[in-house]
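Undergrad: Encoded as structure tokens, here's the structure I'll be asking about.
The values are calculated or read from the model by the stated rules, or taken from the named source; none is laboratory data. All values derive from a computational prediction rather than experimental measurement. With ideal geometry, Cβ positions are generated from the backbone for all residues, glycine too; neighbour counts draw on all protein chains shown. The accessibility values were calculated without ligands, DNA or RNA, using every heavy atom of the protein model including side chains. Shrake-Rupley method; radii C 1.70, N 1.55, O 1.52, S 1.80 Å.
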Amino acid sequence: ALGVDDEILQRLAALGEHLLNAGFNVTAITEPGEIERRHFLDSLSLLELPCVREARNIVDIGSGAGMPALILSLVVDARVVALESQRKKCSFIARVAESLSLSNLTVECARAESYGVGKGRGMHDLAVSRALAQLPVVAEYSLPLLSMRGHMLAMKAAISDEERTRAESAL
């Protein structure tokens, strides 16, 4: 249903090995089953949204261990930017992208605020983030990166009414 064929499954397995053998705490999740469920399936669930399937320039803000940037670069025909401020994580994402031959993925080692006033301003039709911050902050980081009619997608476990109201005010 999510368009994952055998080649992508093999590449996901290789990505899982990279996560398990990173040599540093690239993610708090260290059980293979949890990596599949909480990183891979969570990222793949984005394919259910038309704005993700149709996007041509995606930025993953606060990419961390590369989720969902690495996964999206495997499964969508788009240019994907993994935006991460920690050099160690940037190096990890770049190594994995090279290992998996992800020529459509670029790593930008910068803070969202800097990238949004520089070369990233208005360049993306989709800005995605996973558990990054409160929605008003996610909006502050995302909106400068988006082109006209672009979409902001904040992946969060739960959003309170108060947070939603503050985000609407910020927008």
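Undergrad: Looking at the structure I just gave you, is S43 in contact with a helix residue (DSSP H, G or I) (Cβ under 8 Å, 6 or more places away or on another chain) and of a type in the set (S, T, N, Q)?
TA: yes
Undergrad: Considering only residues of the range 9-45 that are assigned to a helix (DSSP H, G or I), aliphatic (A, V, I, L, M) and open to solvent by 20 Å² or more (accessible area, probe 1.4 Å), which is nearest to M67 (Cα to Cα)? Full working, then the answer.
TA: Taking the range 9-45 as the starting set, the residues that turn out to be assigned to a helix (DSSP H, G or I) are 9-20, 32-45.
Retained after the next criterion (residues that are aliphatic (A, V, I, L, M)): 9, 12-15, 19-20, 35, 41, 44.
After this cut, where a residue has to be open to solvent by 20 Å² or more (accessible area, probe 1.4 Å) as well, the list is 9, 13-14, 20, 41.
Working: L9: 16, A13: 14, A14: 14, L20: 14, L41: 11 Å.
The qualifying residue nearest to M67 (Cα to Cα) is L41.
Undergrad: Just one of S114, S101 is of a type in the set (S, T, Y) and on the phi > 0 side of the Ramachandran plot; which is it?
TA: It is S101.
Undergrad: Here is a follow-up. For residues in the range 134-152 being touching a residue at least 60 places away in the same chain (Cβ under 8 Å) and open to solvent by 30 Å² or more (accessible area, probe 1.4 Å), which is farthest from the chain's Cα centre (by Cα)? Don't jump to the end; show me each part of the working.
TA: So the first thing to find is which residues in the range 134-152 are touching a residue at least 60 places away in the same chain (Cβ under 8 Å), and the list is 138, 141-142, 145, 147, 151.
Filter once more, keeping what is open to solvent by 30 Å² or more (accessible area, probe 1.4 Å): 141, 147, 151.
Numbers: Y141: 14, S147: 17, H151: 14 Å.
It comes out as S147.
Undergrad: Ok, one more. Condition (residue is at pLDDT 95 or above, in a helix (DSSP H, G or I) and in contact with an Asp or Glu (Cβ under 6 Å, 6 or more places away or on another chain)) applied to the range 140-159: is it met by at least one residue?
TA: No.
Undergrad: Go through the range 71-106 and give me each residue that's among the acidic types (D, E), more than 19 Å from T27 (Cα to Cα) and not in a loop (DSSP other than H, G, I, E, B).
TA: First, pick out the residues of the range 71-106 that are among the acidic types (D, E): 77, 84, 98.
If we keep only those that are more than 19 Å from T27 (Cα to Cα) as well, we get 77, 98.
The answer is E98, and nothing else.
Undergrad: Sticking with this structure for a sec: Tell me which residues, restricted to the range 77-99, are over 25 Å from C51 (Cα atoms), of a type outside the set (S, T, N, Q), buried (at least 16 other Cβ atoms within 10 Å of the Cβ) and in contact (Cβ under 8 Å) with a residue 24 or more places away in the chain.
TA: Correct list: K89, F92, V96.
Undergrad: Out of S129, S169, S114, S103, I need the residue that is within 18 Å of S73 (Cα to Cα), open to solvent by 60 Å² or more (accessible area, probe 1.4 Å) and of a type in the set (G, A, S). Which one?
TA: S103
Undergrad: Do we have I159 as under 20 Å from T27 (Cβ atoms) and open to solvent by less than 80 Å² (accessible area, probe 1.4 Å) here?
TA: Working: under 20 Å from T27 (Cβ atoms): no; open to solvent by less than 80 Å² (accessible area, probe 1.4 Å): yes.
Considered against the rule, which asks whether it is under 20 Å from T27 (Cβ atoms) and open to solvent by less than 80 Å² (accessible area, probe 1.4 Å), I159 comes out as no.
Undergrad: Taking into account only those residues within the range 83-126 that are of a type in the set (D, E) and more than 13 Å from the chain's Cα centre (by Cα), which is nearest to M67 (Cα to Cα)?
TA: Filtering the range 83-126 for residues of a type in the set (D, E) gives 84, 98, 108, 113, 125.
Filter again for more than 13 Å from the chain's Cα centre (by Cα), leaving 98, 113, 125.
Working: E98: 16, E113: 20, D125: 18 Å.
Among those residues, the one meeting the criterion is E98.
Undergrad: Identify the single condition in (1) farther than 19 Å from V26 by Cβ; (2) at pLDDT below 95 that Y115 does not satisfy, given that it satisfies every other one.
TA: Unmet for Y115, out of (1) farther than 19 Å from V26 by Cβ; (2) at pLDDT below 95: (2).
Undergrad: Still on this model: Among the residues of the range 46-76, which ones are acidic (D, E) and either open to solvent by 40 Å² or more (accessible area, probe 1.4 Å) or in contact with a Cys (Cβ under 9 Å, 6 or more places away or on another chain) (or both)?
TA: If the condition is that a residue be acidic (D, E) and either open to solvent by 40 Å² or more (accessible area, probe 1.4 Å) or in contact with a Cys (Cβ under 9 Å, 6 or more places away or on another chain) (or both), then E48, E54 are the ones that fit.
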